[in-house]
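The values are calculated or read from the model by the stated rules, or taken from the named source; none is laboratory data. Everything numeric here is computed off the predicted structure, so don't read it as measured data. Every residue, glycine as well, gets a Cβ built from its backbone with ideal geometry; the counts of neighbours run over all protein chains shown. What goes into the accessible areas is simple: the full protein's heavy atoms, side chains included, and nothing from ligands, DNA or RNA. Shrake-Rupley method; radii C 1.70, N 1.55, O 1.52, S 1.80 Å.
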Amino acid sequence: MKVIGTRDRKAIDRSGKKHIYNIRRLQCEQCGKIHHELPEFLVPYKRYKSECIETVLTNRSNHDIPADESTLYRWIDWFYFYVEY
């Protein structure tokens with residue numbers, strides 16, 4: 001993999017504040033596909049930090065995450081779909 005640049009990635013924390021992170025873009029030298037190097041607190045294709053998602057999954061009835069109920073239900077469905085994977 002070789003570094004070909006960076007991009008900004010937004011993430012929302014527990015308080016609802018948006019943060020912008022600079023993510024490295026990597027390109028596979030064999031196939032040419034581009035990958036993004038995510039830190040452990042970001043989940044691919046999700047806009048909230050992993051801490052927020054984990055809080056909802058472990059304690060569904062009592063949490064303080066600033067997200068719509070439909071978002072919370074989608075996280076739960078997403079988790080159970082990929083739990084075996």
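Do we find that Asp64 is surrounded by fewer than 13 Cβ atoms within 10 Å (Cβ to Cβ), more than 16 Å from the chain's Cα centre (by Cα) and touching a residue at least 40 places away in the same chain (Cβ under 8 Å) in this structure? Criteria met by Asp64.
Out of Arg9, Arg25, report the one residue that is open to solvent by less than 90 Å² (accessible area, probe 1.4 Å), within 18 Å of the chain's Cα centre (by Cα) and more than 26 Å from Phe79 (Cβ to Cβ).
Numbers: Arg9 fails: more than 26 Å from Phe79 (Cβ to Cβ).
Step by step, each of Arg9, Arg25 is checked, and only Arg25 is open to solvent by less than 90 Å² (accessible area, probe 1.4 Å), within 18 Å of the chain's Cα centre (by Cα) and more than 26 Å from Phe79 (Cβ to Cβ).
Quick one: would you say Arg74 is open to solvent by 100 Å² or more (accessible area, probe 1.4 Å) and not hydrophobic (A, V, I, L, M, F, W, C)?
yes
Among the residues of segment 32-61, write down those that are of a type in the set (Lys, Arg) and more than 11 Å from the chain's Cα centre (by Cα). Can you show your working first?
Applying the first criterion (of a type in the set (Lys, Arg)) to segment 32-61 yields 33, 46-47, 49, 60.
Once the filter is applied, which keeps residues that are of a type in the set (Lys, Arg) and more than 11 Å from the chain's Cα centre (by Cα), segment 32-61 yields Lys33, Arg60.
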